[in-house]
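*Asks:* Before I ask anything, let me first share the structure, which is written out below as structure tokens.
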């Protein structure tokens with residue numbers, strides 16, 4: 001993007017329509033993009049309202065797409081998903097609704113696969129150190145500690 005280029009409200013609106021159509025965006029990302037384009041607060045509000053009314057911007061749809069993608073591709077647990085969505089300023093209702101979309105069987109199977117894979121990767125002769133490394137890995141990825149310890153109980 002060129003430095004200090006100025007946009008009319010219509011130009012900025014068209015640019016942001018493409019930005020939102022390309023992939024789901026949260027309100028925070030779009031506001032930041034408009035600020036980066038040096039738009040005044042009044043223009044930002046007008047464009048945001050337009051994007052929401054025309055359904056280019058939908059918080060609940062963003063939350064569902066985000067949760068689905070990060071769970072399937074990065075294998076994040078619910079704690080990490082929750083934290084990331086809160087950071088993006090998503091409402092509690094949208095977060096809860098998105099997390100409900102995760103199939104519980106898929107969730108447990110994914111955790112099982114992650115534990116098995118990590119157990120094979122960690123080359124540590126000391127059982128306690130190995131267990132700690134696996135636990136740390138899963139907690140970092142946002143898996144609930146009760147589930148992690150229950151799953152690891154099956155191995156140790």
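*Asks:* Between residue 144 and residue 45, what length comes free when the chain is fully extended (0.36 nm per residue of separation minus the Cα-Cα distance, one decimal in nm)? It would help to have the intermediate numbers written out before the result.
*Replies:* Numbers: separation 99, 0.36 × 99 = 35.64 nm, distance 3.83 nm.
Taking 0.36 nm per residue and subtracting the Cα distance, the gain is 31.8 nm.
*Asks:* A follow-up question, please. Expressed as a rounded percentage, what relative contact order does the chain have, with Cα pairs under 8 Å and six or more residues apart?
*Replies:* Numbers: 120 pairs, mean separation 33.8, N = 156.
It rounds to 22 percent for the chain.
*Asks:* Over all distinct Cα pairs, what is the inverse of the mean 1/r for the range 48-109, reported as the Kirkwood hydrodynamic radius in Å?
*Replies:* On the way: mean 1/r = 0.0825 Å⁻¹.
Result for the range 48-109 stands at 12.1 Å.
*Asks:* Could you put 154, 60 in order, starting from the residue whose Cβ has the fewest other Cβ atoms within 10 Å? Write out the running numbers ahead of the final one.
*Replies:* Working: 154 8, 60 14.
Final ranking by Cβ density, sparse to dense: 154, 60.
*Asks:* May I have the pair-distance distribution P(r) for the chain, computed from all Cα-Cα distances with 5 Å bins from 0 and rounded to whole percent?
*Replies:* The distribution over the chain is 1, 8, 16, 15, 13, 10, 9, 8, 6, 6, 4, 2, 0, given as percents.
*Asks:* Working from Cα positions, state the angle (0 to 90°, nearest 10) between the long axis of helix 78-87 and the longest principal axis of the chain.
*Replies:* On a 0 to 90 degree scale, this one is about 20.
*Asks:* Can you put 86, 151 in order, fewest other beta carbons within 10 Å first?
*Replies:* On the way: 86 12, 151 19.
Lowest to highest Cβ neighbour count: 86, 151.
*Asks:* Write down, largest first, the equivalent ellipsoid semi-axes of the range 9-53 in whole Å, where each equals the square root of 5 times an eigenvalue of the alpha-carbon gyration tensor. Intermediate results must be reported in sequence, preceding the final value.
*Replies:* Values: eigenvalues 41, 23, 20 Å².
Semi-axes from the Cα gyration tensor: 14, 11, 10 Å.
*Asks:* When the chain is treated as a GNM, springs tying every alpha-carbon pair under 10 Å, which of 144, 101, 120 comes out with the largest mean-square fluctuation?
*Replies:* Its mean-square fluctuation being the largest, the pick is 120.
*Asks:* Within a 10 angstrom radius of the beta carbon, how do 110, 8 rank from fewest other beta carbons to most?
*Replies:* Details: 110 18, 8 10.
If I rank by nearby Cβ atoms, fewest first, I get 8, 110.
*Asks:* Related question: Given only helices, namely DSSP H runs of n ≥ 4 each adding -39500 (n - 2.57), what is the per-residue ellipticity at 222 nm of the chain, to the nearest 500 deg cm²/dmol? Before the final figure, lay out the partial values.
*Replies:* Values: 9 runs with 113 residues, N = 156.
Computed ellipticity for the chain at 222 nm equals -23000 deg cm²/dmol.
*Asks:* Obtain the nm distance between the two label points defined at residue 61 and residue 109 by a simple spin-label model: each point lies 7 Å from its Cα along the Cα-to-C-beta direction.
*Replies:* Distance between label points: 2.9 nm.
*Asks:* Take the range 104-153, drop everything but the C-alpha atoms, weight them equally and run the Debye formula without solvent; then report log10 I(q)/I(0) at 0.13, 0.17 Å⁻¹ to two decimals.
*Replies:* With no solvent term, the Cα-only Debye profile gives -0.26, -0.45.
*Asks:* Then there's this: Between the range 108-156 and the range 1-75, what's the alpha-carbon centroid distance in Å?
*Replies:* Result: 38 Å between the Cα centres.
Every read-out reported here was derived from the displayed coordinates using simple, explicitly stated rules and does not represent laboratory data. All figures in this text were calculated on a predicted structure; none of them were measured in a lab. Cβ sites come from the backbone with ideal geometry, for glycine too, and all protein chains shown count toward neighbours.
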